[in-house]
Every structure is written in C-alpha cells, then in structure tokens.
Amino acid sequence: MRVGMNPARGKYSDYRPARVTVAILVHIPHHTGYFAGRMDVLRACLTSLIENTREPYDLLVFNNGSSPEVRAYLEDLQREGAIDYLLHSRINVGKIGAFQILFRAAPGEVVAYADDDIYFYPGWLGEHLKILDTFPSVGMVSGCAVRTLFNMERISANLEFAERNPEVVLHTGRFIEETWMRDWAVSYGRDPEEIRAQTEDVVERILEYRGLQAFAMANHNQFVSPKEVIVGCLPDTWSGRLMGLMDELDVAVNQAGYLRLTTRQRTTQHMGNTLGPEFATQLGMEIEASQPALGLASKRGRWARWQRKFLLSRPVRWFLLGVYS
C-alpha cells in the first residue's frame, strides 16, 4: 500500500563526485596492547589529511570492525561534514577484503588510498597528481620513498619504460635521506642501524620524464591510483586472510605494465602504532609519545641485539601474534 508520492520523484541532484576519492581504511578493534595508542594516531591521520589537502576530493572511510569509540568518532566527523562516505563493517574482513569493497565503492576515477596510520604533509595530493598526470600508464604513486622496495619484481615495468622511452632519464645512486629511513624503521619497530646495514648495497633509481622526477618504486600502505588499475589487479577470489597479499598486489600492478612511482620529496609518512613527538607537535596535541614497539631504546649489548633479532624473526613473531590474538 502506498500513501502519497515520494518527494524525490522527478527531481535531480546537482552533486557530482570529485575526480579524487581519498579512501582511508580504519581497523582499531580495541584500545589495549598493540592498539593502546592507535586512537591518537587515527586522529593525527585524519586531522593532517583534512588540514593539508587543498585539491577537491571526497573522503571515503571504511571502518573494518573497529571499536564503538572509533565508530562514534568517525560518525561525529561525518556529521561535521569532514567525511563524505562512511562504511561500517561489523567484523574485520581483512585488508585485501576491505580493498575489494573499498575500491569498488569509491565514486572517483582516482583513488588516494592510505592506511589509518599515515601522516599527510601540506601539498601532498597535488604532488601525487602531478606525477599521475605527467607520466604515462601510472599504476601507483606514493609519498615517501623506502630503500627496501627497489626489488625487481616490483619495479621492472619502470625500468622497461625508461629503456624504451628516449624522453626518460634514469638516475641511479643514493638519494633517499637517512632521516627518512630512520623514521620508517622506528615506525615499524625496527632498528635503524640494522636497516642501514641490510640496505647498504641497494641501488636507488629515479625516473626523470618531461622535467619531473619520481622515485622508481611505490608503497602499498599509501598510494594514489586510477581506480580501474587496482580493481583490475585485485584477486579474483575472496581469500579470507586478515593480513597479507599486499606484496602480491604490488607485483600484479607491475606485471600489468603500470608504473609504480613515489614523489621526489617526502609528502606522506608512516607514523606507527603510537604518536611520536614530531606529529604531536605539528598538530598541537598534548600527548606523551610512547616508546616504539619491542624497545628500540634498550639495544645495548650483544644479548639485547640477539633478543631483538629473535623476537622479530618470522616464526616467533607469527607465533606470538597468534597467541596475542
């Protein structure tokens, strides 16, 4: 039975999606242990995004089974007009599963994706789009170069592009600032000196095309991409895995012949699971920064180094994470 007429009949909306959808994946299931400081990190991520993005965009947030406190915070931001689209998942569907939903739901032709622990510097999006719109066949553009990601299965399309295109100049050497690598290592709970030793022989590559330089690598925790590229490179089946398959996504984009690049200057940065003093100061947040995971401060002596290496080894780490979960 119908009573009356739907008032929207015959009417039109003047809304049109922005070219860019900024997509943030949020997963903070509780606020203890590993996740004790993650709420502050999430606030820093979204605050820096909102304050430091000048280009038109729609903000899409996928809440991947987070706590009621996180849900309430995100809904407050949507009521204030900061979030355009807010998707809530009752359970954690995993990162690659969230990608299956998130990228297909994005209304823009370009998706600027980031984990919820990324800090955005002023002008970040414009620098990403400059690369996306200058280089041909771009699959991913990131904002912070990492020395560990120049492996061939992820950058071969870049090198092939440089070899066959006379307009491209390929620069090789050491270009990434050591402070960037130190910040990256600390944010992942790793020893900067060990990372320095492990990457001592890595050859960094920069592509220069039509006057614009970009590192010949990208990072899957933050990138700007044409929507169709990522949707086309996602797995055909639902894996059910909560983590993983991100490296496989990098390889799939590379094998499809798309370029994976990074801005010449650092325009975004990984924060980790606690908010450090640098970001707290920039945002005016009064927070006492927590120590990085696994106590990088207590790295004196051979015994401490052995303990850290043992705890970070893959079998032990997987076992401990399984027990913790």
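The values are calculated or read from the model by the stated rules, or taken from the named source; none is laboratory data. Here the structure is a predicted model, which means the values were calculated and not measured. Don't worry about glycine lacking a Cβ; one is built from the backbone with ideal geometry, like all the others, and counts go over all protein chains shown. Surface areas here come from the heavy atoms of the whole protein model, side chains and all, with no ligands, DNA or RNA. Shrake-Rupley method; radii C 1.70, N 1.55, O 1.52, S 1.80 Å.
Got the relative contact order for region 181-281 handy, in percent, Cα pairs under 8 Å and 6 or more residues apart? 32 percent. Contact order for the chain, expressed relative to its length and based on alpha carbon pairs under 8 Å spaced 6+ residues apart, stands at 23 percent. Within the chain, antiparallel bridges make up roughly 50 percent of the DSSP beta bridges whose residues both belong there.
Per-residue surface analysis assigns Arg182 an accessible area of about 130 Å², computed on protein heavy atoms at 1.4 Å probe radius. Across all Cα atoms of region 108-177, the radius of gyration (one decimal) and Dmax (whole number) stand at 13.7, 39 Å. Along the chain, the longest continuous region that contains none of the GluC sites (Glu not before Pro) in a DSSP loop with at most 11 other C-beta atoms within 10 Å is 81-166.
For Ala8 and His31, the FRET efficiency from 1/(1 + (r/R0)^6), where r spans their Cβ atoms and R0 equals 30 Å, is about 0.15.
In this view, the solvent-accessible surface of Trp238, computed with a 1.4 Å probe and all protein chains in place, comes to about 140 Å². Taken over region 14-83, the alpha-carbon convex hull comes to 93 cubic angstrom per residue.
Non-local lysine pairs in the chain, meaning eight or more places apart or on different chains, with alpha-carbon distances under 30 Å, amount to 6. Values of log10 I(q)/I(0) for region 1-142 across q = 0.10, 0.12, 0.13 Å⁻¹ run -0.40, -0.56, -0.64, by the Debye formula with one identical scatterer at each alpha carbon and no solvent.
Quick one: go through region 169-186 and flag any residue whose amide nitrogen is under 14 Å from the point 7 Å out along the Cα-to-Cβ line of Glu194. Only 185-186 fall inside the zone, counting backbone N under 14 Å.
If the Kirkwood radius is taken over C-alpha pairs of the chain, then at 10 °C and 1.306 mPa s the Stokes-Einstein diffusion coefficient equals 75 µm²/s.
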